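Asks: Just passing along the structure, written as structure tokens.
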């Protein structure tokens with residue numbers, strides 16, 4: 001095991017992370033990286049700026065994890081720059097969850113694609129059906145969820161979960 005995280009360079013709270021797809025392939029990661037690698041809902045995009053350096057590692061397993069995380073973050077600029085041998089790229093892609101082609105793509109009022117965990121702003125006062133709550137214009141809703149209801153996302157305002165129409169919100 002290395003004495004620094006092979007992704008972000010931290011030397012705090014290190015452990016091994018097994019890279020799926022090949023036997024006995026693991027890398028040394030800090031607790032922050034490991035938590036976010038194991039739970040997509042905890043991903044902090046700013047933490048992963050470190051991949052700008054990690055993706056050039058000599059260790060194929062580090063490159064694979066970098067490629068997979070850049071794909072999750074939809075960072076096309078870095079994905080276009082990363083170099084992987086064909087077999088390593090195959091390994092990296094084997095661990096990426098396939099996107100449901102039939103799933104509705106949620107877009108805000110400006111046409112920006114919404115993802116789970118995004119923050120949005122309400123564009124106009126909205127009465128919430130079935131309650132006395134009014135989602136005021138300018139209200140910020142953090143950590144949204146993509147709902148199964150067509151044209152809607154789910155978020156919390158004042159601790160209450162509500163559905164908001166995508167046409168009345170703007171991604172921050």
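Asks: If a residue counts only when it is touching a helix residue (DSSP H, G or I) at 6+ places or on another chain (Cβ under 9 Å) and crowded, with 18+ Cβ neighbours inside 10 Å, which helices (runs of 4 or more DSSP H) contained entirely in the range 1-96 have at least 2 such residues?
Replies: 31-38, 51-54, 60-72, 86-94
Asks: May I pose another question? Filter the range 125-142 down to the residues that are in contact (Cβ under 8 Å) with a residue 12 or more places away in the chain and surrounded by 12 or more Cβ atoms within 10 Å (Cβ to Cβ), then identify the one that is farthest from residue 169 (Cα to Cα).
Replies: 133
Asks: Can you tell me how many residues within the range 144-164 are exposed (fewer than 13 other Cβ atoms within 10 Å of the Cβ) and closer than 21 Å to residue 104 by Cβ?
Replies: 4
Asks: Those residues that are in a strand (DSSP E or B) and in contact with a helix residue (DSSP H, G or I) (Cβ under 7 Å, 6 or more places away or on another chain), I need them from the range 147-164; list them, please.
Replies: Of everything in the range 147-164, those that are in a strand (DSSP E or B) and in contact with a helix residue (DSSP H, G or I) (Cβ under 7 Å, 6 or more places away or on another chain) turn out to be 152, 153.
Asks: Out of 115, 132, which single residue is on the phi < 0 side of the Ramachandran plot, modelled with pLDDT under 90 and over 17 Å from the mean Cα position of the chain (by Cα)?
Replies: The unique qualifying residue is 132.
Asks: Moving to a separate point now. Report yes if residue 144 is outside the structural domain of residue 40 (by TED's automatic domain parsing), within 24 Å of residue 46 (Cα to Cα) and touching a helix residue (DSSP H, G or I) at 6+ places or on another chain (Cβ under 9 Å), otherwise no.
Replies: no
The values are calculated or read from the model by the stated rules, or taken from the named source; none is laboratory data. These figures come from a predicted structure and were not determined experimentally. All Cβ positions, glycine included, derive from the backbone under ideal geometry; neighbour counts span all protein chains shown.
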